[in-house]
1. Using packing as a proxy for protection, rank 393-400, 22-29 so that the peptide with the highest average count of other Cβ atoms within 10 Å comes first.
2. Relative contact order for the chain: what percent, with Cα pairs under 8 Å and sequence separation of 6 or more?
3. If you average 1/r over all unlike Cα pairs in segment 55-101 and invert the result, what Kirkwood radius do you get in angstrom?
4. Towards the positive end of the charge dipole of the chain, with charges on Cβ (+1 Lys, Arg; -1 Asp, Glu), say which of Leu140, Gly39, Tyr286 has the farthest Cα.
5. Average projected area of the Cα convex hull of segment 140-225, in nm²?
6. By how many degrees, 0 to 90 and rounded to 10, does the Cα axis of helix 285-297 deviate from the longest principal axis of the chain?
7. Beyond 32 Å between alpha-carbons counts as too far, so tell me which of Lys217/Lys328; Lys5/Lys241; Lys24/Lys214; Lys142/Lys241 fall in that bin.
8. Taking the Cα centre as origin and putting +1 on Lys and Arg beta-carbons and -1 on Asp and Glu beta-carbons, what dipole magnitude results for the chain, to the nearest 20 debye?
Amino acid sequence: MESWKIQLPSDVVWIIHKLQENGKEAFAVGGCVRDSILGKKPKDWDITTSASPEEVKKIFKKTVDTGILHGTVTVMMGKIGYEVTTYRIDGEYEDNRHPKTVTFTENLVEDLKRRDFTINAMAYNEKVGLVDVFKGRDDLEKGVIRCVGIAKERFEEDALRMLRAVRFSAQLNFEIEEKTKDAIKEFSSNLSFVSKERIQTELMKLLVSDNPEKIEKVFCYGLGEWIFPSYLRWEGELIEKTKGLLRETQKDSVLRWSAFLLLLRNRSGKQEEAEEILKGLKFDNYTVKFVSKLVGAWDYDYVAEEKSVRKGIAWIGEEIFPLLLELKRANCAFEGKGMEEIDRVLEIYQQIYDRGDCLTIKSLAVTGKDLIANGIKPGELMGQILNQLLNEVLEEPKRNTKEYLLKRGIELEKVM
Ligand code: ATP
Ligand code: MG
């Protein structure tokens with residue numbers, strides 16, 4: 001037990017007191033203790049207690065059974081929920097994934113023992129202070145990710161922890177302790193047993209962290225080959241390019257995933273491959289679509305001229321184009337050149353929207369119906385004519401009048 005003061009939110013203090021009044025132990029635990037010691041604002045506050053889930057439900061009025069089998073009950077304080085989990089010992093693991101059994105215990109240290117890393121295995125309340133039996137605070141000071149107990153055993157129990165080690169090292173800019181690192185290298189293939197959804201969550205946290213280039217470790221430790229298809233290679237000059245691009249890209253999930261998947265930039269099937277990788281990791285449709293289109297659009301050539309920018313927006317897509325500019329900007333920042341050109345393109349982009357230039361077939365001054373009324377037959381040719389009309393309007397927005405476009409449409413029908 002050590003003297004260390006953490007400012008607990010009043011809700012957390014109240015929940016802990018309430019459990020203590022009922023003769024139970026309760027502590028804030030895990031990520032919130034780690035982040036508080038680091039001076040960071042915790043995302044959420046988890047509570048660990050000697051009370052059984054049934055007892056927790058009796059003590060608090062409003063609760064939700066979040067993971068009752070694993071001992072977790074969410075206590076609602078107004079709109080905010082706090083996960084209260086009974087001290088537990090995880091039984092043997094099946095398939096390197098799930099504990100076969102979970103046993104509840106009244107001993108806090110047993111609960112801390114099941115946790116992955118020393119920095120995540122500290123508990124705190126106002127009465128007892130900091131409980132840090134695995135020297136998590138020392139490791140926080142040293143900047144080290146170290147398994148609780150014997151690393152090999154911990155990774156054999158749950159292979160996801162290997163990826164979590166890399167994720168925390170990226171979020172906190174920490175080194176992975178030697179034995180922990182060696183164990184990851186030894187057991188990397190066990191990652192193939194872990195569900196893609198769990199892998200996705202950790203990779204996402206890694207990529208939107210302060211040190212996304214640490215994704216390198218995923219490959220260096222041999223985890224990458226169990227996550228990605230063999231065509232996604234971490235090799236050659238693309239390593240430095242990808243790391244540089246990741247470092248300069250804003251902390252946005254679509255942009256960071258695109259920056260990472262630009263590892264595929266030299267491959268002709270990059271868009272489809274990016275799509276396959278993201279689908280394989282069970283991403284939502286929005287992310288799959290945006291990221292793969294961005295990766296596909298990387299080679300699109302445009303210059304800082306109005307018509308070129310209009311064509312870029314029209315062909316790449318109104319939603320994708322500004323993201324592509326963001327990525328290009330990050331790449332310029334990394335390469336240390338081309339920034340003026342990007343700024344100029346952005347300026348032109350803004351002017352195009354301010355003026356309301358026509359960018360789609362929908363906003364042409366003629367419709368398919370108008371063309372039909374003027375004797376052009378519906379069908380494939382009509383589609384081609386509309387595309388060509390749009391092209392001409394993108395070249396010169398003044399052409400977007402009914403008069404010009406009808407005349408041009410009729411001419412085009414004769415020559416196309
Ligand atoms: P974050 O800030 O990303 O939420 P966190 O440390 O709170 O980080 P969670 O995944 O929310 O991470 O897990 C909460 C706590 O549960 C961890 O701090 C750790 O003590 C424990 N934990 C989570 N996943 C595992 C695991 N796979 N093996 C062992 N302990 C785990
Ligand atoms: Mg958490």
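The values are calculated or read from the model by the stated rules, or taken from the named source; none is laboratory data. Just so we're clear, the structure is a prediction, and the values are computed from it rather than from any experiment. Here the Cβ positions follow ideal geometry from the backbone for every residue, glycine too, while neighbour counts run over all protein chains shown. Heads up: the accessible areas ignore ligands, DNA and RNA and are worked out on the full protein's heavy atoms, side chains in. Shrake-Rupley method; radii C 1.70, N 1.55, O 1.52, S 1.80 Å.
1. On the way: 393-400: 17.0, 22-29: 20.9.
So the order, starting with the most tightly packed, is 22-29, 393-400.
2. Working: 626 pairs, mean separation 35.9, N = 416.
Computed over the chain, the figure is 9 percent.
3. Values: mean 1/r = 0.0847 Å⁻¹.
So the Kirkwood estimate lands at 11.8 Å.
4. Tyr286
5. On the way: hull surface 20.1 nm².
Convex hull of Cα atoms, orientation-averaged projection: 5.0 nm².
6. Between the helix axis and the principal axis of the chain, the angle is about 50 degrees.
7. Values: Lys217/Lys328 25 Å; Lys5/Lys241 44 Å; Lys24/Lys214 42 Å; Lys142/Lys241 30 Å.
Cα-Cα > 32 Å for Lys5/Lys241; Lys24/Lys214; rest within.
8. Working: 66 positive and 71 negative charges, 135 e Å.
About 640 debye.
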